[in-house]
Amino acid sequence: MSSTMEMWDDALPFCGVVADIKCKRCGRTIRNPAPHKRYCSERCRKRAERARWKAKWKKRGVNKYIGGRDK
């Protein structure tokens, strides 16, 4: 066996750690993860942002839109 193959035998346990990063909103595995990435897509990131915004206003008990439906 070449020294390169031995190097990969040592590195393989660490390769799995990067692949196990999950999206904070939907739980999907993130492809090509960056160290700071928390969401699988821009769509998931925006939906999570909207959910946080809505929860903040709901917690305050403020109806931001007068005459709007309460969901």
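The values are calculated or read from the model by the stated rules, or taken from the named source; none is laboratory data. Quick caveat, the model's predicted, so the values are computed rather than measured. All Cβ positions, even for glycine, are placed from backbone atoms using ideal geometry, and neighbour counts span all protein chains on display.
Annotations for the structure displayed:
- Subset of region 28-47 [among the hydroxyl-bearing types (Ser, Thr, Tyr) and in contact with a strand residue (DSSP E or B) (Cβ under 8 Å, 6 or more places away or on another chain)]: Thr29
- Test: residue in region 25-40 that is part of a helix (DSSP H, G or I), surrounded by 10 or more Cβ atoms within 10 Å (Cβ to Cβ), at pLDDT 60 or above and within 20 Å of the chain's Cα centre (by Cα): no
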